[in-house]
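Following: one structure in structure tokens, then a few remarks.
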Amino acid sequence: MPELQIKLDLIDDNPYQDRGSYEDIAELGRTIAVNGLEQTPKARQVESRYQLKFGHRRKRAFDWLRDNWKKEGLTDRYNGYTVMPLEVEAFTDAEMFDGVVIENVHRDDLKVTEKARLLRRYKEVNPEATSEKIGLVFNMNAATVRGMDIFLDLPEEVQAALDKGDISQGTARLLHSMMKLAPKEKVVGAMKRVVKEAGENTPEQVIDWEIGHLNNVEEMWQSHRTGKPRGGYDGWLLDMNNFPNKLLPPMTVEQVGAYEAHIDHLANPPACTACPFYTKVQGTHYCGMKICYTRKRAAWEVQCVEQASRNSKIAVYKETDGAYRPLSYDDTSRKLFEKKHKDLRLIPKSATEHAFQHYTNLNDLVVVVATGEDLLGKLASSSSGGRTVGKKSEKEKAEMRAMKVYRIKRLELMWEYTAVAEKIFESVPMDVLKKLNDWKNIMIDDRIPAEYDHPLTGTAAQQLSFQRRELVWRMIMGETSYTRRANMVDILDAFADVTGVKAPKALIKRAEEWDAEIKAAASVSTATVKGKSK
């Protein structure tokens, strides 16, 4: 194909070329001025103009030479560099795109998002090409081909950080998963924290912390659990297609107003794994629409109760049954269950508070309760079972007040003690502390309150102190109970037995004051006996 000398002003880029910048153009221009073109670019003619198939850096080098060859004292080789040699052929669109691929795919400076855009354009031009075939063209495996496209969905700030190498492709994928759960600004904020805290916290730790603090997100299943992922412990399978949507609770007027754009979704939600608000990050499964998870949880509990009723021959509780009291698992309660006492009923676990039962063939989301005045009186007098729900005695009301105070003060006492005992880990470095803090899981009732938590953005000293205190917390949390009241001073003694660190007098005094406060809350006025004045 003979060369044609084409005016620079008539030469356009390949329409499929979206490369943003070109480096070392002046250096290439000087080389051309000395040695001439080593390879003539190819192009096609479109009406009176010409489109390059490849050779975009050389075209820009000619542009530079046209403006600079005289003042640089360079040789005039191409009519003052106002023209450039081209081999002109009748290329198809597919052949033009192949030229872009050939020119770019092996560039050392090809950015991640540039390669992703190139892949996307290749798929558009070759819609029938498989991932395997595209991988051969781009020298990557099929799985990588399929995964590159997500980078173009990331916010621009995150794409820029990926191209600069501030974050890895793995981190970018985690941030992409986070996009299903969080608005753009939260994802960008997480990326900035990953960059800022590099070397202090891993990207996985930062992103996990950010997701855990999203208001509209529900963690459903963690990677350490065995079996197929479910919607919480004893929940539904996340890939379940025949979910009992008919049992979903009705929505309030306020909920309808707040979620108007998602009413159809909430009325007939798909399987979680097919839901646009579902994602998995580091093996942990999340729901990005908490109201949907809550509604599904309620419906699932109703189905579990109905199934348990059929299996156990115990009726489902109705409002007309009146007050009820959850059974415990003592001898009295077990005998009542074995005999299928006529006043036993079944309710969802969410309808009562901390009912721990282990009755055969009953899902843990189902709770056995006693109803009827005679049976409730028997259980109350023997202290068997939980508190009565419905009409309560003055003593039960007082105990509820005391437990409310106790639970608040219990956590405060534990946190105050950790400040005293953290010194036992003063010589342990941060990375070891973090590993040690995985040794024992903190249950939901023992979680460190958010107001005590030092955010990951705190100073290094704050983070180190928190890691030490959290480790002490894990050591002592088993010495107290969320469900059973104990003397605060005795609790401090139990803590000391575990850590070897005695509580200071000031903390003991506070514990005594709290004990008095709890005792006062538990007292029943002598002026009230069975609802009547003495």
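Residues that are of a type in the set (Asp, Glu) and assigned to a helix (DSSP H, G or I) within region 137-191 comprise ASP149, ASP153, GLU156, GLU157, ASP163, GLU185, listed in sequence order. Residues considered: ALA161, ALA90. Of these, the only one that is among the aliphatic types (A, V, I, L, M), outside the structural domain of ARG57 (by TED's automatic domain parsing) and more than 17 Å from ASP18 (Cβ to Cβ) is ALA161.
Quick check on region 112-129. Is at least one of its residues part of a helix (DSSP H, G or I), outside the structural domain of GLU23 (by TED's automatic domain parsing) and more than 29 Å from VAL187 (Cβ to Cβ)?
Yes, region 112-129 contains a residue that is part of a helix (DSSP H, G or I), outside the structural domain of GLU23 (by TED's automatic domain parsing) and more than 29 Å from VAL187 (Cβ to Cβ).
Residue by residue, here is whether (1) among the hydrophobic types (A, V, I, L, M, F, W, C); (2) in contact (Cβ under 8 Å) with a residue 24 or more places away in the chain; (3) more than 19 Å from LYS280 (Cβ to Cβ); (4) in the same structural domain as GLN463 (by TED's automatic domain parsing) holds:
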| site | (1), (2), (3), (4) |
| --- | --- |
| HIS176 | no, yes, no, no |
| LYS180 | no, yes, no, no |
| VAL188 | yes, yes, yes, no |
| VAL206 | yes, yes, no, no |
| THR226 | no, no, no, no |
| PRO229 | no, yes, no, no |
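Comparison of ALA503, ALA450, ALA460 shows that the only residue that is modelled with pLDDT of 90 or more, under 39 Å from the mean Cα position of the chain (by Cα) and among the aliphatic types (A, V, I, L, M) is ALA503. Of the set (1) more than 30 Å from MET179 (Cβ to Cβ); (2) in contact with a strand residue (DSSP E or B) (Cβ under 9 Å, 6 or more places away or on another chain), all apply to HIS285 but (1).
For region 228-235, the criterion of a residue being modelled with pLDDT under 95, closer than 18 Å to CYS304 by Cβ and exposed (fewer than 12 other Cβ atoms within 10 Å of the Cβ) is satisfied by at least one position.
Each residue in region 5-35 was checked for being at pLDDT below 90 and not hydroxyl-bearing (Ser, Thr, Tyr), and 8 pass. Quick check on my filter: what residues within region 45-58 are over 15 Å from ASN104 (Cα atoms), in contact with a strand residue (DSSP E or B) (Cβ under 7 Å, 6 or more places away or on another chain) and either not aromatic (Phe, Trp, Tyr) or not assigned by TED's automatic domain parsing to the domain that holds LEU10 (or both)? Selection gives GLN45, ARG49, GLN51. The residue pairs whose first member lies in region 426-437 and is modelled with pLDDT under 90 and buried (at least 16 other Cβ atoms within 10 Å of the Cβ), whose second member is in a helix (DSSP H, G or I) and not aliphatic (A, V, I, L, M), and whose beta carbons are closer than 8 Å, counting only pairs six or more residues apart or on different chains, are LEU433/PHE425; LEU433/GLN467; LEU433/ARG468; LYS434/GLN467; ASN437/GLN467; ASN437/GLU470; ASN437/ARG474. For region 133-150, does any single residue satisfy the condition of being more than 17 Å from LEU118 (Cβ to Cβ) and surrounded by 13 or more Cβ atoms within 10 Å (Cβ to Cβ)? The answer is no; no qualifying residue exists. In this structure, does THR294 turn out to be β-branched (Val, Ile, Thr), in a helix (DSSP H, G or I) and either without any contact (Cβ under 8 Å) to a residue 24 or more places away in the chain or over 21 Å from ASN245 (Cα atoms) (or both)? No, not satisfied.
Looking only at region 328-358, count every residue that is closer than 14 Å to LYS378 by Cβ and either modelled with pLDDT under 90 or assigned by TED's automatic domain parsing to the domain that holds LEU248 (or both) and tell me the total.
Summing the residues that are closer than 14 Å to LYS378 by Cβ and either modelled with pLDDT under 90 or assigned by TED's automatic domain parsing to the domain that holds LEU248 (or both) in region 328-358 gives 5.
From the list ALA460, ALA503, the one residue that fits, being more than 22 Å from LYS404 (Cβ to Cβ), exposed (fewer than 15 other Cβ atoms within 10 Å of the Cβ) and touching a residue at least 24 places away in the same chain (Cβ under 8 Å), is ALA460.
The values are calculated or read from the model by the stated rules, or taken from the named source; none is laboratory data. Computed from a predicted structure; not experimentally measured. Virtual Cβ from ideal backbone geometry, glycine too; neighbours counted across all protein chains shown.
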